[in-house]
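The structure appears below as structure tokens.
The values are calculated or read from the model by the stated rules, or taken from the named source; none is laboratory data. Treat the numbers as computed from the prediction; the structure is a model and nothing was measured. Cβ atoms come from the backbone with ideal geometry, glycine included; neighbour counts cover every protein chain shown.
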């Protein structure tokens, strides 16, 4: 997901850069200024041809805008549909489809380096890419399907329009976006995430309301590819520290475990909200990949503290029940805010899983 930039209102010698804060997020900067909008909102205008009324593409774009707007900063996007004349540097922020620019999608922006303010942001999607608007895991790249999730890419490009640059040093939608995703059951959901949310708050301050959200993911950072963080699935270790063997079933890893044995199960925990939270986490065994409090609880952790500014990927000890059926597949699930004491902007990212086969 490339980006281009055009510097306006400054001398030719002005430098463009990205800067990393003590946190992982990176911001667009120019001449020492963090680039942002002059206010706390921006309106995007969607092409009538690429996002026509009644289409799944318009619905998915609107949903992507809504997911970005769940961020805990004061910034929000507006969206207007039916734009019939899109183009660069025309005083409007626009979204359309094109091809031949060498990336799945690209954000172009214009800014004034002297004031540190955007003047226009345009986003294009490559219409030759195998995008899908479906949330079904079975069709998505991260789960062995043949299509790139449109919403994750849209959120990434909209993140540039907030003022965020690429992130390489944490699990982030501003890194490799297509596997920055949350799953429970048959559905996988795109989201803005902790890292991007922290960057938005750094630029615009906190939301005047009470915007809170905790989440847990089956994905983690594995390294970097240039400016982008790379991601892979979370794992299971033995109590002695070795990684448990796995095989791929229906596009997902399934770990081979022994009954009655303790393991360290790995997930990524995020605070996507405004303030520090102390929460309860429960671990469950399920006979399917939809995790709920109706499943069998096998352990938990009380009083886990989560601050914003860090994605916490760590392993917690759980013991596989001795009465499970040998040779059967189960799902080892996790629920954050297990007792539902926190009022959140979404509850859909509180539960996820790792598949296991019991020996």
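Values as computed for the structure displayed
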item	result
Filter result (touching a residue at least 60 places away in the same chain (Cβ under 8 Å) and either surrounded by 13 or more Cβ atoms within 10 Å (Cβ to Cβ) or closer than 25 Å to residue 170 by Cα (or both)) within the range 249-265	251, 252, 253, 254, 255, 256, 257, 258, 259, 265
Only listed residue being in the same structural domain as residue 353 (by TED's automatic domain parsing), without any contact (Cβ under 8 Å) to a residue 40 or more places away in the chain and on the phi < 0 side of the Ramachandran plot, chosen from 298, 291	298
Candidate set from the range 330-341 (those that are over 21 Å from the mean Cα position of the chain (by Cα) and assigned to a loop (DSSP other than H, G, I, E, B)); member that is surrounded by the most Cβ atoms within 10 Å (Cβ to Cβ)	338
Test set (1) under 14 Å from residue 105 (Cβ atoms); (2) crowded, with 20+ Cβ neighbours inside 10 Å - residue 130 fails condition number	(2)
Residue check for residue 139: without any contact (Cβ under 8 Å) to a residue 12 or more places away in the chain and not assigned by TED's automatic domain parsing to the domain that holds residue 353	yes
Elements of type strands (runs of 3 or more DSSP E) contained in the range 1-76, each with 1 or more residues being modelled with pLDDT of 95 or more	26-30, 41-47
Members of the range 97-126 found to be modelled with pLDDT of 95 or more, assigned to a loop (DSSP other than H, G, I, E, B) and closer than 17 Å to residue 155 by Cα, listed by number	104
All positions within the range 75-106 that are touching a residue at least 60 places away in the same chain (Cβ under 8 Å) and either within 22 Å of residue 174 (Cβ to Cβ) or crowded, with 18+ Cβ neighbours inside 10 Å (or both)	75, 77, 93, 101, 102, 103, 104, 105, 106
Check on residue 234, in contact with a strand residue (DSSP E or B) (Cβ under 6 Å, 6 or more places away or on another chain), within 12 Å of residue 315 (Cα to Cα) and outside the structural domain of residue 202 (by TED's automatic domain parsing)	yes
Flag for residue 47 being surrounded by 12 or more Cβ atoms within 10 Å (Cβ to Cβ) and in contact with a strand residue (DSSP E or B) (Cβ under 9 Å, 6 or more places away or on another chain)	yes
Qualifying residue in the range 219-226 (condition: under 30 Å from residue 38 (Cα atoms) and in contact with a strand residue (DSSP E or B) (Cβ under 6 Å, 6 or more places away or on another chain))	no
Residue under evaluation residue 274, criteria (1) out of contact with any helix residue (DSSP H, G or I) (no Cβ under 7 Å at 6 or more places or on another chain); (2) farther than 22 Å from residue 104 by Cα; (3) not in a loop (DSSP other than H, G, I, E, B), criterion not met	(3)
Criterion violated by residue 184 - all others in (1) closer than 30 Å to residue 40 by Cβ; (2) within 19 Å of the chain's Cα centre (by Cα); (3) crowded, with 18+ Cβ neighbours inside 10 Å satisfied	(1)
Answer residue from the range 277-291, given it is over 23 Å from the mean Cα position of the chain (by Cα) and not in a strand (DSSP E or B) and is nearest to residue 171 (Cα to Cα) among those	288
Failed condition for residue 264, given (1) in contact with a helix residue (DSSP H, G or I) (Cβ under 7 Å, 6 or more places away or on another chain); (2) assigned to a strand (DSSP E or B)	(1)
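Here's the yes/no breakdown for (1) at pLDDT below 95; (2) in a loop (DSSP other than H, G, I, E, B); (3) under 22 Å from residue 193 (Cβ atoms); (4) touching a strand residue (DSSP E or B) at 6+ places or on another chain (Cβ under 8 Å):
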site	(1), (2), (3), (4)
260	no, yes, no, yes
293	no, yes, no, yes
299	no, no, no, yes
302	yes, no, no, yes
308	yes, yes, yes, yes
324	no, yes, no, yes
354	no, no, yes, yes
357	no, no, no, yes
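Condition check ((1) in the same structural domain as residue 40 (by TED's automatic domain parsing); (2) touching a residue at least 60 places away in the same chain (Cβ under 8 Å); (3) under 25 Å from residue 335 (Cβ atoms)) across all residues:
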site	(1), (2), (3)
129	yes, no, no
145	yes, yes, no
153	yes, yes, no
160	yes, yes, no
163	yes, yes, no
172	yes, yes, yes
